[in-house]
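Notes follow once the structure below has been shown.
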Amino acid sequence: MLAILNAPDIIVLLSYVLDTPCSTSDYKPLQVSLPLCPSSALPPFLRMSSTLQLIQRIRWFNLAVLTITPAIAAYGVCVVKAQRDTVAFAIAYYVFSMLGKNHGYPKIYSANNYYYRSHSR
Amino acid sequence: MCSGLSHFIGYHRLWSHRSYNATIPLQVFLLAAGASAVQGSGYWWARSHRSHHRYTDTDLDPYNGKRGLLYTHIGWMIIKSDKHSGPSDVSDLKKDRLVQWQHRHYFPLSLFFGYALPVLVPGLLFDDWWGGVCFSAAFRLALAHQVSRFFC
């Protein structure tokens, strides 16, 4: 887990969101602007705070899906008694999901569609 | 790009089902499986993924590696960026009626295959509703999200 959350990544991510200079990457920071009026045109006390800019950029629906789902999973691991049949079904359904995402989407529809089509007719 | 058990099974399945008759049912199966992973419609995903392969690690790559592991793992999903995916040729997918149907009805499909079905099956068959909610729906989906974002 430490490898995922190493400091340079967090600095790079925040630098895009908060429009601050970033020395750990050659990528230029995002130009964040207000909906009606660029923040540089406003007097300092009316400029949006960095936190507000971050909040404006969050895709709340995606964030909810990606936090509530693991939260329910963690609750289940701690509280719900695992039944053998359910766990077996969960493993089978996991394989089903991964087949669609990792082999249907890339192999047929992105990367390998020519191969697939030429051999399936 | 992808690895492990499902790599083997996917290749095996795709390359062993070459008959035209198997194509439509196989596509339906894979589109249903794709909806169950709750990671976007096949059309949306393939469009982004083609941009990613065409413009790897540039401003036009939706998961540009130069923006850091945290961004390519999860940031691109939850933060609106000013950089947009570069154009890619998806004319074949626009003509594909199955892919377009899944794209149009993606939200209810992912709700059904991602959450409802994995709750209903253990609930109705084993009378284990909470196990369905927590393990085959939430735990399975959270694991699929994390794993496929590392490998794809």
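The values are calculated or read from the model by the stated rules, or taken from the named source; none is laboratory data. In this text, all values refer to a predicted model and were calculated from it rather than measured experimentally. In this analysis, Cβ positions are derived from the backbone assuming ideal geometry, glycine residues included, and neighbour counts consider all displayed protein chains.
Can you find even one residue in the stretch B:88-102 that is out of contact with any strand residue (DSSP E or B) (no Cβ under 9 Å at 6 or more places or on another chain), under 26 Å from A:Ile58 (Cβ atoms) and either crowded, with 16+ Cβ neighbours inside 10 Å or more than 10 Å from chain A (Cβ to nearest Cβ) (or both)? Scanning the stretch B:88-102, I find no residue that is out of contact with any strand residue (DSSP E or B) (no Cβ under 9 Å at 6 or more places or on another chain), under 26 Å from A:Ile58 (Cβ atoms) and either crowded, with 16+ Cβ neighbours inside 10 Å or more than 10 Å from chain A (Cβ to nearest Cβ) (or both), so the answer is no.
Counting the residues of the stretch A:55-91 that are buried (at least 16 other Cβ atoms within 10 Å of the Cβ), of a type in the set (A, V, I, L, M, F, W, C) and under 15 Å from B:Phe126 (Cα atoms) gives 4.
Examine the stretch B:43-51 for a residue that is small (Gly, Ala, Ser) and either touching a strand residue (DSSP E or B) at 6+ places or on another chain (Cβ under 8 Å) or free of Cβ contacts under 8 Å to residues at least 24 places away in the same chain (or both), and state whether such a residue exists.
Our first condition is that a residue be small (Gly, Ala, Ser); within the stretch B:43-51, this holds for B:46, B:48, B:51.
The next check asks that each one be either touching a strand residue (DSSP E or B) at 6+ places or on another chain (Cβ under 8 Å) or free of Cβ contacts under 8 Å to residues at least 24 places away in the same chain (or both); those that pass are none.
Within the stretch B:43-51 (the criterion being small (Gly, Ala, Ser) and either touching a strand residue (DSSP E or B) at 6+ places or on another chain (Cβ under 8 Å) or free of Cβ contacts under 8 Å to residues at least 24 places away in the same chain (or both)), the answer is no, since none of the residues qualifies.
Being within 12 Å of the chain's Cα centre (by Cα) and assigned to a helix (DSSP H, G or I) is not true of B:Ala137.
For residues that are in a loop (DSSP other than H, G, I, E, B) and farther than 12 Å from B:Ala46 by Cβ, tally how many sit in the stretch B:79-102.
We begin by selecting, within the stretch B:79-102, every residue in a loop (DSSP other than H, G, I, E, B); these are B:80-90, B:96.
When the remaining residues are screened for being farther than 12 Å from B:Ala46 by Cβ, the result is B:80-84, B:86-87.
Total satisfying the criteria: 7.
Being within 25 Å of A:Ala71 (Cβ to Cβ), more than 10 Å from chain A (Cβ to nearest Cβ) and modelled with pLDDT under 75 holds for only one residue in B:Tyr106, B:Tyr63, and it is B:Tyr63. Restricting attention to the stretch B:36-52, the residues that are assigned to a helix (DSSP H, G or I) and within 7 Å of chain A (Cβ to nearest Cβ) add up to 6.
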